[in-house]
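Peer 1: My structure is below; once you've seen it, I'll send some questions.
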Amino acid sequence: MTVRLAATTRNRRLVSGVAASFGAMGAGSVASLIVAPVMFHHLGPALFGVWVAVTALTSVALFADLGMGNSLLTRLSAHRSAPQDMAGAVAAAYLTLAGTAAALLAGVVTVGVAVPVGPLFGVTDPRLGAQAAAVLVVCFGAFAVNLPLSLITKIQLAMQDTARSAGWSAATAAWTVLAVGGAAAAGAGPLTLIVCTATAAPLGNLCNTVHYLTRVRPGLRPARWVLQPGVAGGLLRLSARYFALSLLSSTAASIDGYLVARWLGPVAAAHYGVTVRMFVLLNLIVTVVNTPLWPANAEALARGDLPWVRRTTRRMCLLGAGLVGAAAATLVAASEPLLAAWIRSPDFHGLPTGVVALLAVWPALLAVASPMFMVQNSVGLLRPQLVGWGAYLVLSLPAKALLVRHLGLAGVPLGSAAVFAVTVLPACAAGYRSVVARQAGHRRRIAALAPGPAYAPALTGPGQPAREGTCS
């Protein structure tokens with residue numbers, strides 16, 4: 001396959017993957033809109049509140065995979081031409097997360113049986129407290145089971161089968177609606193409805209895993225489910241860096257609500273938090289658009305197609321900034337009527353337009369940085385991102401405290417955007433240039449040592465000539 005043909009195929013997969021991901025995101029959103037009122041009606045306000053709180057805790061517990069999913073994604077993307085290495089990495093990831101899931105499941109059952117769960121959620125009624133314990137065990141038990149099963153989405157992303165993965169996600173969303181609706185129509189109890197929602201993702205991922213590893217890509221299925229210490233050690237070292245990066249970036253992105261409450265009071269935090277939620281969708285769009293670039297960059301670098309990586313990264317930076325900027329401007333202009341129609345409360349008042357406009361800067365900056373992040377992720381080079389996000393956390397707190405003192409609420413988003421621009425963006429750009437320079441030097445060495453065209457496929461996976469930031 002020529003470089004031109006490979007690039008054409010890569011572009012087609014990228015476009016179809018992004019389009020399918022948007023479809024899956026829409027299906028998930030529609031499913032949530034349908035399921036939430038059904039659950040509220042059948043659970044009642046108190047138990048519904050407990051369920052919401054427990055599911056929020058499971059979202060926080062996503063860190064329980066310790067970065068293993070992203071580590072596997074990087075390893076598979078870099079070794080697409082070595083089935084034996086890929087199968088060994090798959091086995092190591094599944095066995096490692098199976099052990100983590102077993103430990104988490106045992107801990108959840110112990111807590112549900114031995115610890116009064118009700119007070120953890122402000123519940124004083126003993127009957128509701130017992131139900132809260134059951135909800136905790138069901139939701140966290142399903143979450144634990146889903147830890148290894150969810151690896152299939154990373155495997156499919158690494159193989160650039162994003163459209164297939166999105167199709168299964170949409171099917172899972174549809175199954176959730178059917179299961180909850182059917183259980184409600186049959187007069188099932190509240191716990192049954194919660195079981196239907198909690199088990200939808202593990203069941204969907206289980207079916208997806210069996211089908212994909214037996215029918216679509218049986219070569220990825222390990223012949224022996226044996227933990228190879230060398231492979232597992234490499235995955236764990238890289239996953240530790242991804243775990244640290246997730247902690248840093250997530251903390252940086254979510255701490256502002258607490259800071260507003262601490263400095264300006266809970267009422268200001270309520271108005272700020274509601275307004276921020278309008279822009280969360282933009283962050284999700286940035287993720288959906290750019291995540292398929294991760295394996296596509298790895299495959300391109302493995303083929304020595306550095307021009308495609310440069311060209312695509314430049315285009316995605318411009319495209320992302322333009323799309324997110326236009327969407328953010330629309331939200332800013334329409335924020336007042338949108339929030340009034342959404343909240344419908346006389347106690348709520350929107351933020352000043354200047355503050356809302358500053359909130360729109362963050363997703364626009366993230367849209368510029370994300371394509372460069374994906375290039376670094378494709379080779380497992382995380383140190384620049386760790387440095388950038390670490391510097392952001394250290395510098396943003398005093399900067400926002402100073403600006404809040406002089407500018408009020410506007411100081412929080414202004415400080416976030418300003419510090420991001422002088423810490424994360426330069427570190428992101430430096431990491432991107434490092435990958436490009438490394439791959440350009442590797443291509444020159446290949447061209448000098450071997451006859452034939454300069455675009456001959458690389459002899460090793462991306463990032464392999466330099467050991468720093470790789471999982472090997």
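Peer 1: Out of region 166-206, which residues are under 23 Å from Ile152 (Cβ atoms), of a type in the set (A, V, I, L, M, F, W, C) and touching a Phe, Trp or Tyr at 6+ places or on another chain (Cβ under 7 Å)?
Peer 2: Of everything in region 166-206, just one residue is under 23 Å from Ile152 (Cβ atoms), of a type in the set (A, V, I, L, M, F, W, C) and touching a Phe, Trp or Tyr at 6+ places or on another chain (Cβ under 7 Å), namely Ala200.
Peer 1: Return the pair list, or none, for Cβ contacts closer than 7 Å from residues in region 340-369 that are surrounded by 19 or more Cβ atoms within 10 Å (Cβ to Cβ) to residues that are among the hydroxyl-bearing types (Ser, Thr, Tyr), at least 6 apart or on different chains.
Peer 2: Leu351/Tyr272; Leu351/Thr275; Val356/Thr275; Val356/Ser335; Leu359/Thr275; Trp362/Ser416
Peer 1: Here is a follow-up. Looking at Ala223, Ala268, Ala232, which is the one that is touching a residue at least 24 places away in the same chain (Cβ under 8 Å), hydrophobic (A, V, I, L, M, F, W, C) and within 23 Å of Pro398 (Cα to Cα)?
Peer 2: Ala268
Peer 1: For the structure I just gave you, tell me whether Gly354 is farther than 19 Å from Glu299 by Cα and in contact with a Cys (Cβ under 9 Å, 6 or more places away or on another chain). Even if it seems obvious, please write down each step before you answer.
Peer 2: Numbers: farther than 19 Å from Glu299 by Cα: yes; in contact with a Cys (Cβ under 9 Å, 6 or more places away or on another chain): no.
Taking the combined requirement at face value, the residue does not satisfy it.
Peer 1: When you scan region 165-187, do you find a residue that is in a helix (DSSP H, G or I), of a type in the set (Gly, Ala, Ser) and touching a Pro at 6+ places or on another chain (Cβ under 6 Å), even just one? Please lay out each step first, then the result.
Peer 2: Step one: of region 165-187, the residues in a helix (DSSP H, G or I) are 165-185.
Checking the rest, the ones that are also of a type in the set (Gly, Ala, Ser) come to 165-167, 169-171, 173-174, 179, 181-185.
Now drop any that are not touching a Pro at 6+ places or on another chain (Cβ under 6 Å), which leaves none.
No, region 165-187 contains no residue that is in a helix (DSSP H, G or I), of a type in the set (Gly, Ala, Ser) and touching a Pro at 6+ places or on another chain (Cβ under 6 Å).
Peer 1: Okay, moving on. Take region 59-86 and flag every residue that is under 15 Å from the mean Cα position of the chain (by Cα) and at pLDDT below 80.
Peer 2: Across region 59-86, the qualifying residues are Ser59, Val60, Ala61, Leu62, Phe63, Ala64.
Peer 1: Give region 133-158 a look and list any residue that's polar (S, T, N, Q) and within 21 Å of Val288 (Cα to Cα), or say none.
Peer 2: Ser150, Thr153, Gln156
Peer 1: Could you tell me how many of the residues in region 228-246 are loosely packed, with under 15 Cβ neighbours inside 10 Å and in contact with a helix residue (DSSP H, G or I) (Cβ under 7 Å, 6 or more places away or on another chain)?
Peer 2: 0
Peer 1: So how many residues does region 256-274 have that are at pLDDT below 85, β-branched (Val, Ile, Thr) and in contact with a Leu (Cβ under 8 Å, 6 or more places away or on another chain)?
Peer 2: The number of residues fulfilling the criteria is 1.
Peer 1: If you don't mind, another one. Residues in region 1-47 that are over 19 Å from Asp161 (Cβ atoms) and under 20 Å from the mean Cα position of the chain (by Cα): how many?
Peer 2: Number of matching residues: 5.
Peer 1: From the list Ala106, Ala134, Ala89, Ala130, exactly one residue is at pLDDT 85 or above and within 26 Å of Leu382 (Cα to Cα). Which is it?
Peer 2: Sole residue among the options that is at pLDDT 85 or above and within 26 Å of Leu382 (Cα to Cα): Ala89.
Peer 1: Output the helices (runs of 4 or more DSSP H) that fall wholly within region 279-380 and possess 3 or more residues being basic (Lys, Arg), or say none. Outline the logic, then answer.
Peer 2: Numbers: elements: 293-302, 306-343, 353-359, 361-378.
In region 279-380, 306-343 are the helices (runs of 4 or more DSSP H) which contain 3 or more residues that are basic (Lys, Arg).
Peer 1: If you go through region 260-282 one residue at a time, how many are within 24 Å of the chain's Cα centre (by Cα) and either over 15 Å from Pro363 (Cα atoms) or surrounded by fewer than 16 Cβ atoms within 10 Å (Cβ to Cβ) (or both)?
Peer 2: Residues flagged as within 24 Å of the chain's Cα centre (by Cα) and either over 15 Å from Pro363 (Cα atoms) or surrounded by fewer than 16 Cβ atoms within 10 Å (Cβ to Cβ) (or both) within region 260-282 amount to 6.
Peer 1: Another one. Run Ala240 past the list (1) over 19 Å from Pro413 (Cβ atoms); (2) outside the structural domain of Thr74 (by TED's automatic domain parsing); (3) modelled with pLDDT under 90 and report the number of the one that doesn't hold.
Peer 2: It is condition (3) that Ala240 fails.
The values are calculated or read from the model by the stated rules, or taken from the named source; none is laboratory data. This one's a predicted model, so the numbers in the text were calculated from it and none came from an experiment. Methodologically, a virtual Cβ is constructed for each residue, glycine included, from the backbone with ideal geometry; neighbour enumeration extends over all protein chains shown.
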